[in-house]
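The values are calculated or read from the model by the stated rules, or taken from the named source; none is laboratory data. Small disclaimer: the values here were computed from a predicted structure and weren't measured. Glycine also receives a Cβ, built like all others from the backbone with ideal geometry; neighbour counts cover every protein chain displayed. In case anyone asks, the SASA skips ligands and DNA or RNA and just uses the protein heavy atoms, side chains included. Shrake-Rupley method; radii C 1.70, N 1.55, O 1.52, S 1.80 Å.
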Amino acid sequence: DQRSGAMVDAGTSPDPALIAKPLGAARAQFFENYILSQTEVGMVLVDAHAAHERIVYERLKKRVVEGKVQSQGLLIPQIVELDDDLRDGLLSKAGELEAFGLYLDGFGPKAVAVQEVPALLINGNIERLVKDLADEIAELDAATELKSRLDHVCATMACHGSVRSGRRLQADEMNALLRDMEQTPRSGQCNHGRPTYVELKLKDIERLFGR
């Protein structure tokens, strides 16, 4: 994957109030995924995709538990083609999927029509999400309730609803992501257990240059 290394400059005069925040003020985006921010004591490097995936996961999980998932209807239902057994397995869980904000119906013998998706995932890859959910459901016992697999289902949904690597973010979007991270539990770790950001103190930077 030969992604461009060009930087997106977030501005030369960051707001001091943002610099005072734990994750600071966004200064640039590079390799079309990583955000560089400045704090009062150093700099922070953020994996935007991993961080947003974690935020979506935590929000979706909380809303499912509270029964407050907001769904958004699609202007044109999205048709997703599936093998017969995967389609039938997915439709057998259609009622349970509604608790996660996903509404779908059968569409002919080899497809489903997605009518509504969780509002958090409206810009995500719906086709890939439906296919991955169908694969996961096929591996479950028919009696297994999806809510008993809450973490796994929410993680799958978040994966396809987060900011994708390769999307260039504006300064306000970068700073909004930093603020969301500060307010989200466990946002320092992605859904796969890897860090979403690393911090380098100014004193450590200066030490690298022998100062």
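Mind counting the residues in region 140-176 that are assigned to a helix (DSSP H, G or I), without any contact (Cβ under 8 Å) to a residue 24 or more places away in the chain, of a type outside the set (Ser, Thr, Tyr) and open to solvent by 80 Å² or more (accessible area, probe 1.4 Å)?
Residues that pass the stated criteria total 3.
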Legend entry - Residue count for region 184-211, restricted to those that are touching a strand residue (DSSP E or B) at 6+ places or on another chain (Cβ under 8 Å) and open to solvent by less than 90 Å² (accessible area, probe 1.4 Å): 12
Legend entry - Some residue of region 68-76 being without any contact (Cβ under 8 Å) to a residue 12 or more places away in the chain and outside any strand (DSSP E or B): yes
Inset, instruction - Determine whether region 177-195 contains at least one residue that is assigned to a strand (DSSP E or B), under 24 Å from HIS52 (Cβ atoms) and in contact (Cβ under 8 Å) with a residue 24 or more places away in the chain. - result: yes
Inset, instruction - Return yes when GLU58 is open to solvent by 50 Å² or more (accessible area, probe 1.4 Å), of a type in the set (Asp, Glu) and either in a helix (DSSP H, G or I) or at negative phi (or both) and no when it is not. - result: no
Legend entry - Top-ranked residue of region 68-88 - restricted to ones that are under 20 Å from the mean Cα position of the chain (by Cα) and within 19 Å of HIS152 (Cα to Cα), ranked as least open to solvent (accessible area, probe 1.4 Å): VAL69
Inset, instruction - Write out, first by first residue and then by second, each pair whose Cβ atoms fall under 7 Å of each other, whose residues are 6+ apart or on separate chains, and whose first residue, in region 32-45, is open to solvent by less than 40 Å² (accessible area, probe 1.4 Å) while the second is of a type in the set (Ser, Thr, Tyr). - result: GLU32/SER4; GLU32/SER165; ASN33/SER165; VAL44/SER37; VAL44/TYR197
